[in-house]
Amino acid sequence: MKVFWYCEKWQPGGIQRVQVNLLPYFDAKEMQFDLAFSEDDTALFDDKIREAEARKLLTLSKRYDSPGRRTVANFFALRRILRDGHYDAAHFNACHGVELIYLFWAWMYRVPVRIVHARNNNIGAGGKTRPVKVLAHRICKRLFGWMATVWLANSDLSAEWLFRKADSRRGRVRILKNGIDAKAFAFDPIEREQTRKALGLENAFVVGHVGQFSYQKNHAFLLDVFVEIAKREPNARLLLVGEGDGKATVLKQAQRLNVSDKVIFYGAAENVPPLLWAMDAFVFPSHFEGCGNALLEAQAAGLPCLASKDVIPESVAVTPLLHWLPLSDGPGTWAEAILANRDNAPRRPHENEIIQAGYDLSAMADRLKKIYHGVRESEISRTL
């Protein structure tokens, strides 16, 4: 069986990490996976992809400054791949409606199982072009969404963003929760001390974040919060794990706020658990999130978490460790909440809570296997 997996850009982000982590759960002799994307920005997962005998397919030979031009070029590039690939299933990870145009070729060349998987619940800032992007999103999801045979979303918020309300009412949209390997994040005190020592954080109160440097993740607000924390806690340090186009802007902001010596820009990491174990609090002030896998991982690591209220699915709060605040409360209130929720009790495993809430990687893989093999929607529970 051949499966085509698509996401717009290959980055060290949540969507890509979930895809790679799923691969070992599939038998390479039974399923061949082609991971396709228009831009390749990381080799972080290459070893795992090779081990799973999967392939990376870069659809475009050059980069485009204009997202519109890139989308048009990519539309025609995907024609050849889907025409000649003879795929049994095509799985499109989509963050907005414009990405649904690629479905056309899967429909045109009669790929039997055509999956649209909603992975986010809004669109980037966009500046003056935002109204045009939102309009294009609304038009494309109506024009091309019907070409799928399976409609998936990682949360109710993502489903509302990408799919028509009528489809949700009819039960056509299934909620497939993102899975993590909760056991891999179970707290390790020895690794914690080793990682803190390696980073020079032995005596620090470490505030952490894992995510791409982008408008969505709201690092500007996070830095303002950290400045307020540092005023109250001189030994505070901020550990930022991730890469992205917005990193240079955040570096300049840290310099402007005179906290550069207290902020660690770690970069992208393949092995995230030890970094979470090294932290004392996890802060996630996103403008929007389809799921927020990083919050699940932080809870699995036993970290007190603070996240944006009303813009992240509440279903990711699977332990008492996660607290919510609206961004409108401001950096000072966020700082006070983070310090007030400091938990000095021994960290304990949270694997059972993660699994019981449906965020299990093994279960996600098992359900995807059924979908790829064309199991009828009526034979699979609406919420997977």
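Can you give the local net charge around ARG83? Use residues other than it whose beta-carbon is closer than 14 angstrom to its beta-carbon, Lys and Arg +1, Asp and Glu -1.
That sum, taken over residues with Cβ under 14 Å, equals +2.
Given a cut-off of 32 Å, name the pairs among LYS133/LYS370; LYS48/LYS128; LYS9/LYS183 whose C-alpha atoms lie farther apart than that in the structure shown. Please list the in-between numbers first.
Details: LYS133/LYS370 34 Å; LYS48/LYS128 40 Å; LYS9/LYS183 29 Å.
Pairs exceeding the cut-off: LYS133/LYS370; LYS48/LYS128.
How high is the relative contact order of region 197-343, in percent, with contacts defined as C-alpha pairs under 8 Å that are six or more residues apart?
Working: 246 pairs, mean separation 37.3, N = 147.
Across region 197-343, relative contact order equals 25 percent.
Which Cα, out of LEU295, GLY68, ILE354, lies furthest along the positive dipole direction of the chain (beta carbon charges, K/R +1, D/E -1)?
About the Cα centre, the residue reaching furthest to the positive side is GLY68.
I need the P(r) histogram for the chain: all alpha carbon pairs, bin width 20 Å from 0 out to the longest distance, whole percents.
With a bin width of 20 Å, the distribution comes to 28, 58, 14, 0.
State the answer as a single residue: which of PHE265, ALA335, PRO12 lies farthest towards the positive end of the charge dipole of the chain, with beta carbon charges of +1 for Lys and Arg and -1 for Asp and Glu, about the Cα centre.
Of the listed residues, the answer is PRO12.
What's the carbon and sulfur percent of the chain's accessible surface, probe 1.4 angstrom, rounded to a whole number? Present the calculation step by step, with values, prior to reporting the outcome.
Working: 8450 of 17080 Å².
Solvent-exposed carbon and sulfur of the chain make up 49 percent of the total.
I'd like the trypsin sites (Lys or Arg not before Pro) in region 1-105 restricted to DSSP loop residues with at most 11 other Cβ atoms within 10 Å, sorted by number.
Answer by residue number: LYS29, LYS62, ARG63.
Charges at C-beta only: +1 for Lys and Arg, -1 for Asp and Glu. How large is the resulting dipole of the chain about its Cα centre, in Debye rounded to 20?
Charge dipole of the chain: 1640 debye, to the nearest 20.
Take the alpha carbon gyration tensor of region 257-300, find the square roots of its eigenvalues, order them as a ≥ b ≥ c, and report rounded if a/c is under 1.5; if not, report prolate when a/b exceeds b/c, else oblate.
Values: a/c = 1.90, a/b = 1.29, b/c = 1.48.
Oblate is the answer for region 257-300, as a/c is 1.5 or above yet b/c matches or exceeds a/b.
Can you compute the FRET efficiency between GLU336 and LEU199 using 1/(1 + (r/R0)^6), with r the Cβ-Cβ distance and R0 = 22 Å? Round to the nearest 0.05.
0.30
Go through LYS56/LYS165; LYS217/LYS252; LYS177/LYS309 and tell me which ones have a Cα-Cα distance over 26 Å in this structure.
As for pairs spanning more than 26 Å Cα to Cα, those are LYS56/LYS165.
Quick one: grab the alpha carbon gyration tensor of region 111-189, order the square roots of its eigenvalues as a ≥ b ≥ c, and give me rounded if a/c is under 1.5, else prolate or oblate depending on whether a/b is larger than b/c.
Values: a/c = 2.53, a/b = 1.38, b/c = 1.84.
Verdict is oblate for region 111-189.
Tally Lys/Arg at +1 and Asp/Glu at -1 over every other residue whose Cβ is under 15 Å from the Cβ of ALA236; what's the total?
Net local charge, ALA236 excluded: -1.
Using only the Cα atoms of region 27-81, construct the convex hull and provide its projected area averaged over every direction, in square nanometres to one decimal.
Projected over every direction and averaged, the Cα hull of region 27-81 covers 4.5 nm².
Sort out the exposed loop GluC sites (Glu not before Pro) in the chain (DSSP loop, at most 10 other Cβ within 10 Å) and tell me the longest stretch that has none.
203-384
Just want to confirm a number: the relative contact order over the chain, from Cα pairs under 8 angstrom separated by 6+ residues, in percent.
On the way: 710 pairs, mean separation 63.5, N = 384.
Computed value for the chain: 17 percent relative contact order.
Pull out a ≥ b ≥ c, the square roots of the eigenvalues of the alpha-carbon gyration tensor of region 162-306, then state rounded if a/c is under 1.5, prolate if not and a/b is larger than b/c, and oblate in the remaining case.
oblate
With every protein chain in place, what's the accessible area of VAL132 (1.4 Å probe, Å², nearest 10)?
That residue has around 100 Å² of solvent-accessible surface.
The values are calculated or read from the model by the stated rules, or taken from the named source; none is laboratory data. The model shown is predicted, which means the values in this text are computed figures rather than measured ones. Reconstructed Cβ throughout: ideal geometry from the backbone, glycine too, with neighbour counts over all protein chains shown. Side chains included, ligands, DNA and RNA excluded: accessible areas come from the protein's heavy atoms. Shrake-Rupley method; radii C 1.70, N 1.55, O 1.52, S 1.80 Å.
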